[in-house]
Amino acid sequence: MKDIKEILQRRILVLDGAMGTMIQRYQLEEEDFRKGWFEDHNKPLKGNNDLLSLTRPEIIKEIHAAYFEAGADIAETNTFSGTTIAQADYSLESAVYDINYHSAKIAKEVADEYTAQNPNKPRFVAGSIGPTNRTASISPDVNDPGYRAITFEELKKAYRQQTEALMDGGVDLLLVETVFDTLNAKAALFAIDEVFEERKMRLPVMVSGTITDQSGRTLTGQTTDAFLISVSHMDLLSVGLNCALGASMMRPYLQILDTNSPFGVSAHPNAGLPNEFGEYDETPELMGEQIKEFMQEGLVNIIGGCCGTTPDHIKVISDLAAKYSPRKLREYV
């Protein structure tokens, strides 16, 4: 397998698009989320998309293949909610290892098939590590601002379990994504580093934050440059932004990362902002026009799509990425 760090300096790498958007197209029912694994589970499971890696693996395989066919270099595993913290809502903490292990195996199998077809364009699998549905920095109780629903140690333990299973499944890199609370991300990075030390092996790590509005801050109030500084203690493959904003509104914050980051810069924006029905209307062509500006300015090393994006979006993005040089990696003292 070619070194992704070396490839990153030669061309812009393309990340895949939304998993949830594609799953919605299958119009699945409750039984699809139970099949063969959770037939007698006592809670509704519809919408717990990570389970489909176990119950309907052929669907997840088809989605990965569609994104690779569209030109993606990197597929994200179907594990955005693959922690005991997130799965606790469904009383499925015990399924976490299987979710992550099998999700990684599925994605890796498809990636290897596409790499074999074209060894000059190796395909990689990024273990998707989501932010969980708890925050270590903000109280959920307005009457008790000092209260926290989760501790750093609890987060670290959950992220450690996820990391171990993803690595057992064969991922090529890890992606700590949609970071709205950098303290959560630091727990993930701490856990990842612990696992690396114990296994005496390291994988490339991407970190991607989410700016929640045009103030340029994360949900917990950090500016883009503060977010970058907070995660720069670790040797990362890239630091970037995803979700929340469409491509047009993400550009000024990518410029901040470009100016200040010693790492690669990644971006996977939504297909615009959601409409009143929560759907994303931005066409591949319109999104491509906005993303082209990132490439013309030399802002990115890795580009892809988040909510609302499809293989059609990734095809347009991939075709554009082939025409432009990646952002130059800078040395900082």
request  = Name every residue in region 254-289 that is in contact with a strand residue (DSSP E or B) (Cβ under 9 Å, 6 or more places away or on another chain), modelled with pLDDT of 95 or more and either loosely packed, with under 14 Cβ neighbours inside 10 Å or over 22 Å from Ile229 (Cα atoms) (or both), in order of residue number.
outcome  = Met287
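State which residue is surrounded by the most Cβ atoms within 10 Å (Cβ to Cβ) when the search covers only region 228-253 and only residues that are polar (S, T, N, Q) and not in a loop (DSSP other than H, G, I, E, B). Can you show your working first?
The initial filter retains those residues of region 228-253 that are polar (S, T, N, Q), namely 230, 232, 238, 242, 248.
So of that shortlist, the ones also not in a loop (DSSP other than H, G, I, E, B) come out as 230, 238, 242, 248.
On the way: Ser230: 19, Ser238: 28, Asn242: 25, Ser248: 17.
Here the answer is Ser238.
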Test: residue in region 196-212 that is of a type in the set (Lys, Arg), free of Cβ contacts under 8 Å to residues at least 12 places away in the same chain and part of a strand (DSSP E or B) = no
Within region 1-71, helices (runs of 4 or more DSSP H) holding 3 or more residues that are within 22 Å of Ser266 (Cα to Cα) = 4-8, 19-24, 57-69
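Residue-by-condition table, conditions (1) assigned to a loop (DSSP other than H, G, I, E, B); (2) at pLDDT below 95; (3) touching a Leu at 6+ places or on another chain (Cβ under 7 Å); (4) of a type outside the set (Lys, Arg):
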site	(1), (2), (3), (4)
Lys105	no, no, no, no
Lys121	yes, no, no, no
Val125	no, no, no, yes
Ser128	no, no, yes, yes
Ala136	yes, yes, yes, yes
Ser139	yes, yes, no, yes
Asn143	yes, yes, no, yes
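Which residue, of Ile256, Ile291, Ile314, is part of a helix (DSSP H, G or I) and closer than 22 Å to Arg25 by Cα?
Values: Ile256 fails: closer than 22 Å to Arg25 by Cα; Ile291 fails: closer than 22 Å to Arg25 by Cα.
None of the other options fit; the residue is Ile314.
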task = Restrict the check to region 80-93 and report whether at least one residue is part of a loop (DSSP other than H, G, I, E, B) and surrounded by fewer than 18 Cβ atoms within 10 Å (Cβ to Cβ).
result = yes
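Can Arg123 be described as crowded, with 20+ Cβ neighbours inside 10 Å and within 14 Å of Leu173 (Cα to Cα)? Steps first, answer last, please.
Values: crowded, with 20+ Cβ neighbours inside 10 Å: yes; within 14 Å of Leu173 (Cα to Cα): yes.
Taking the combined requirement at face value, the residue satisfies it.
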message = Quick check on region 1-55: of everything there that is basic (Lys, Arg) and within 20 Å of Gly170 (Cα to Cα), which residue is modelled with the highest pLDDT?
response = Lys5
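The values are calculated or read from the model by the stated rules, or taken from the named source; none is laboratory data. Nothing here was measured: the structure is a model prediction, and the numbers come from that model. Neighbour counts run over all protein chains shown; Cβ positions are idealised from the backbone, glycine included.
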